[in-house]
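First the structure, in the form of structure tokens, and then the observations on it.
Every number in this text was worked out from the coordinates using simple rules, so none of it is lab data. In this text, all values refer to a predicted model and were calculated from it rather than measured experimentally. Positions of Cβ are backbone-derived with ideal geometry, glycine not excepted, and every protein chain shown enters the neighbour counts.
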Amino acid sequence: MNKTLEVARWEYLEKVRSKAFLISLFVTPLVMVAMGLLPGLFASQEDEQTRTVGIIDQSGEVGLEFAQRLQHRYSLPSGEPNYIVLPLAVGRAIRLEEELAAANARVVAGDLDGYCVVPSTILSDSVVDYRTQVVGDFRITARIRDVLREILEEKKSIALGIDPRVLSRLKVAVDVRTIKITTGGEEEESGFEKVFFTAYLFMMMLFFLIVTSGQLLVRSVIEEKSNRIVEVLVSSCSPTELMAGKILGLSALGLTQMAFWALIGVALSLQFGVVLVDPAHAALLTVYFILGYLLYAGIFITAGSPLTTEQEAQQVTTYLVLILIIPIVLAIPAMRTPDAPWLKVLTFIPLLTPTMMALRIPVQMPSSLEILASIGVLLLSIYGTMVAAGRVFRIAILSTGKTPTMAEILRWIRTG
């Protein structure tokens, strides 16, 4: 055990002092924050120049009113209208094909940013086309939809003999709050967004840590095999002690990185008064996070032991990381039925245990027996990967030539 801890200490100190680690420690959070904030900032930016929108109204019912409302309702920061609406053709007698061809030509020429096509059946089916070269501008489509819906609601209410002002007063917004009842009978306000964010944050942190450090774990083994340092190390300790130490040391490195980022997140949440993770669940989720990472680190080290090239390492790490996508796909059904039998079965598959528990804990706390059993499964799996890594590594350092097959690696583990 002393040799294992000494290897872990050496691995940890060797990597934690490197410039690459120190740079990633500070640069990665900045990149993550930028990736989270910049899309929202760009999406919230207002237009800087007036857009020209056309309308072809086959019904003859909404075109002119639509043009007036869209032009007067939205404006640029400079005070100029955000949109200028040009009625291209109005009435049931228009030749639609010719009007569409002419409008398309104007869009291509840049005279129009886009145009709406209102069918003659607009009062019954409420389907409108917006034709443009830039289909990613979600803001203008949302505004067109809101203005048209408002006009159609008023026209339908008038047709039924109802004053539109009375109809608007009858609209009532209902807000349904979700109150969670804990196993102790206590009540706490919660909701889908809160529990989903907790589970999603857990999965993304684990996913990101494994993606960023998985290659490092495999590369560390390949590097030591290639420069023959491993022969010196194996002469001082057993392969199992060496692999267990590498798993612990490199895992501590990754967890140090994540702990630093977590402290930044806690500081920001306290500064802005936002609770990112329920404190009642934080400790238990941390246990699963650490055990889950140790398990994946052990698997990465085991998988990297027989490899000899960076290309092979990249392929292996890609396949292993894909397993973490499974819980993301199952997130919604898992939150709807956290006590489903299929979900409980997945909880005890070691590679899925941490993420499955992260999905269940915020929604409905599993029983103490399930928690203890799942932690036991993870601990046994971690120990098994350490032993397996040592057995594979002991034979892999002596083997040359082709990369061993999966059947050969399994035989090494069984007969080691």
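Details
- For the pair LYS171 and SER44 in one chain, pulling the backbone fully straight at 0.36 nm per residue adds 42.9 nm over the alpha carbon distance.
- For the chain, the longest principal axis of the alpha carbon atoms and the long axis of helix 406-415 meet at an angle near 40°.
- Across region 156-171, rounded Karplus estimates of 3J(HN,Hα) from the backbone phi angles (6.51 cos²θ - 1.76 cosθ + 1.60, θ = phi - 60°) give 5, 5, 5, 4, 8, x, 10, 5, x, 5, 5, 4, 5, 6, 7, 6 Hz, Gly and Pro being marked x.
- Applying a DSSP loop filter and a limit of 12 other Cβ atoms within 10 Å to the trypsin sites (Lys or Arg not before Pro) in region 11-77 leaves ARG17.
- Within the shell defined by Cβ-Cβ distances under 15 Å, the residues around PRO87 carry a net charge of -2, with Lys and Arg each +1 and Asp and Glu each -1.
- Neighbours of ILE151 by Cβ distance under 14 Å: Lys/Arg scored +1, Asp/Glu scored -1, total 0.
- Candidates LEU270, LEU255, LEU307, ranked by Gaussian network fluctuation over the chain, Cα under 10 Å, top entry: LEU270
- GLN133/LEU64 FRET efficiency (R0 30 Å; Cβ-Cβ; nearest 0.05): 0.70
- Considering only THR50, ALA102, THR4, the residue lying farthest towards the positive end of the dipole of the chain is THR4, judged by Cα position with unit charges set on Cβ.
- For the pair VAL266 and ARG149, the difference between a 0.36 nm per residue extended length and the Cα-Cα distance amounts to 37.8 nm.
- Gyration tensor (alpha-carbon) shape descriptor, region 51-170, a/c threshold 1.5: oblate
- Remark: region 51-170 carries a charge dipole of roughly 300 debye about the Cα centre, counting +1 on each Lys and Arg Cβ and -1 on each Asp and Glu Cβ.
- Highest GNM mean-square fluctuation among GLY110, GLY376, GLY292, for the chain modelled with Cα contacts below 10 Å: GLY110.
- Label zone at ILE349, where the point sits 7 Å out along the Cα-to-Cβ direction: region 294-329 residues whose backbone N lies under 15 Å: 320-329
- A Cβ-based charge dipole, computed about the Cα centre of the chain with Lys and Arg at +1 and Asp and Glu at -1, lands at about 1280 debye.
- Rounded, prolate or oblate (a/c below 1.5 giving rounded, otherwise prolate when a/b exceeds b/c) for the chain by Cα gyration tensor: prolate
- With K and R counted +1 and D and E -1, the other residues having a Cβ less than 15 Å from that of LYS171 yield a net charge of -2.
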